[in-house]
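Q: Take a look at this one; I'll ask things after.
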Amino acid sequence: DGGGSSSSGKTSKAKLSDEEADDDSHIDNGGGSNEHDSFVDGGMSSDRASATRDLGNGVDGDTPFRDVVKDRASWLVGLLVLQSCSSFILARNEALLESHLVIVQFLTMLVGAGGNAGNQASVRVIRGLAVGTLNDRTVKAFLWTEAKMGLALSAILGLAGLIRASVFMVPVAETVAITTSLYMIVISSVCIGAVLPLAMNRCGLDPAHSSTTIQVLMDILGVSTTVWVSGAILNTSIGPALTALFHHGAAVGEDDVAGAATDDLLLDGAE
C-alpha cells in the first residue's frame with residue numbers, strides 16, 4: 001500500500017507540473033497576443049495619421065493642395081466667363097422680353113429644369129465610370145436608356161409647366177411658348193448630360209467637372225432655346241392664331257351658354 005501511495009503521489013505531482021507548464025504557455029501566448037495587438041494598433045494609428053496628412057496635402061492624398069485649387073479654380077473661372085454669354089443673348093432679345101414679361105418670369109424655371117435634368121444624367125455617368133459598370137460594352141445600352149429617359153422626363157416636365165402656366169393665368173400663346181421651350185430644354189439637357197462626361201473622359205479630362213459644366217451649358221442653351229421658341233411663336237402669325245383660336249372657342253362656349261339661358265327664359269314665358 002505504501003508503494004501504491006508513493007506511486008500515486010508521483011503521478012499527481014507529474015500532472016500538476018504539466019498543468020503549470022500549460023498555464024505558463026498560455027501566459028506566454030497572451031503576451032504574444034498583446035504584442036500583436038499593440039503592433040496592429042500602432043499600424044492603424046500610423047495609417048490614420050498618414051491619411052490625415054494626405055487630406056491636409058490634397059484631396060486624393062497624392063495631389064498637392066495648391067494643384068487641386070488651381071485645377072478647380074481654372075474650371076470655375078472659365079465657366080464664369082462662359083456664362084456671360086447668357087447676358088448677351090438676353091440683351092439681343094430685349095424687345096421680345098419687354099413685350100412679353102411673363103416669359104422672363106418663367107425663365108428661371110426653364111433654365112433650372114434643364115440644369116437639374118442634365119446634372120442627374122451626368123451624375124449617373126460619373127458613378128458608372130467610377131464603379132466600372134459603364135464601359136465600352138455597356139455604353140450603347142446606357143445611352144439608349146438615357147435617350148428614352150429624356151423623352152419621358154421632357155413630357156412629364158412639359159405637362160407640369162403647362163399646369164403651372166395655366167394656374168397663373170398665363171395667356172395661351174405664352175403658355176404654348178413656355179411649354180414648348182421646357183420640353184426642348186429638358187430633352188436636350190438629358191442627352192448632353194449623358195454624353196458630356198463620356199466625352200471628357202475620352203479627352204483625358206476629369207469627368208467630375210461635367211456636373212458644373214452642364215449647369216452653365218444649360219443656362220446658355222436654356223436662354224437661347226426660350227428666346228428662339230418665344231420669337232418663333234409670339235413674333236409670328238402663330239401667336240395671334242393661337243390667341244384667336246382660344247378666344248373663339250371661349251366665345252362659342254359663352255354663346256352656347258347664353259343661348260341655352262335664352263331658350264329657358266322663352267320656355268318659361270310661354271308657360
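The values are calculated or read from the model by the stated rules, or taken from the named source; none is laboratory data. Just so you know, these numbers come straight off a predicted model, no measurement behind them. Glycine also receives a Cβ, built like all others from the backbone with ideal geometry; neighbour counts cover every protein chain displayed. In case anyone asks, the SASA skips ligands and DNA or RNA and just uses the protein heavy atoms, side chains included. Shrake-Rupley method; radii C 1.70, N 1.55, O 1.52, S 1.80 Å.
So that you can scan it fast, the table gives a plain yes or no per residue for (1) part of a helix (DSSP H, G or I); (2) under 16 Å from the mean Cα position of the chain (by Cα); (3) farther than 19 Å from LEU198 by Cβ:
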| residue | (1), (2), (3) |
| --- | --- |
| ALA130 | yes, yes, no |
| LEU134 | no, no, no |
| GLY150 | yes, yes, no |
| SER154 | yes, yes, yes |
| GLY161 | yes, no, yes |
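Q: Related question: What number goes with the only condition from (1) within 16 Å of ILE214 (Cα to Cα); (2) touching a helix residue (DSSP H, G or I) at 6+ places or on another chain (Cβ under 6 Å); (3) touching a residue at least 24 places away in the same chain (Cβ under 8 Å) that MET200 does not pass?
A: For MET200, the exception is condition (3).
Q: With the condition kept exactly as written, say whether any residue in segment 226-236 is under 30 Å from ASN135 (Cβ atoms), surrounded by 21 or more Cβ atoms within 10 Å (Cβ to Cβ) and in contact with a Ser or Thr (Cβ under 8 Å, 6 or more places away or on another chain).
A: No, the conditions are met nowhere in segment 226-236.
Q: Now for a separate question. Is it the case that MET184 is in contact (Cβ under 8 Å) with a residue 40 or more places away in the chain and assigned to a helix (DSSP H, G or I)?
A: Yes: the conditions hold for MET184.
Q: Could you check segment 117-142 and list, in sequence order, the residues that are closer than 20 Å to GLN215 by Cα and open to solvent by 60 Å² or more (accessible area, probe 1.4 Å)?
A: GLN120, VAL123, ARG124, ARG127
For every residue, the table says whether it meets (1) in a helix (DSSP H, G or I); (2) in contact with a Lys or Arg (Cβ under 8 Å, 6 or more places away or on another chain); (3) modelled with pLDDT under 90.
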position	(1), (2), (3)
ASP62	no, no, yes
THR108	yes, no, no
GLY114	yes, no, no
ARG137	no, no, no
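Q: What do you reckon, is SER166 open to solvent by less than 40 Å² (accessible area, probe 1.4 Å), closer than 27 Å to THR226 by Cβ and of a type in the set (S, T, N, Q)?
A: The answer is no for SER166.
Q: Among (1) hydrophobic (A, V, I, L, M, F, W, C); (2) surrounded by 13 or more Cβ atoms within 10 Å (Cβ to Cβ); (3) part of a helix (DSSP H, G or I), where does VAL77 come up short?
A: That leaves (2) as the condition not met.
Q: Take segment 84-116 and flag every residue that is of a type in the set (S, T, N, Q) and open to solvent by 70 Å² or more (accessible area, probe 1.4 Å).
A: Those that are of a type in the set (S, T, N, Q) and open to solvent by 70 Å² or more (accessible area, probe 1.4 Å): SER99, GLN105, THR108, ASN116.
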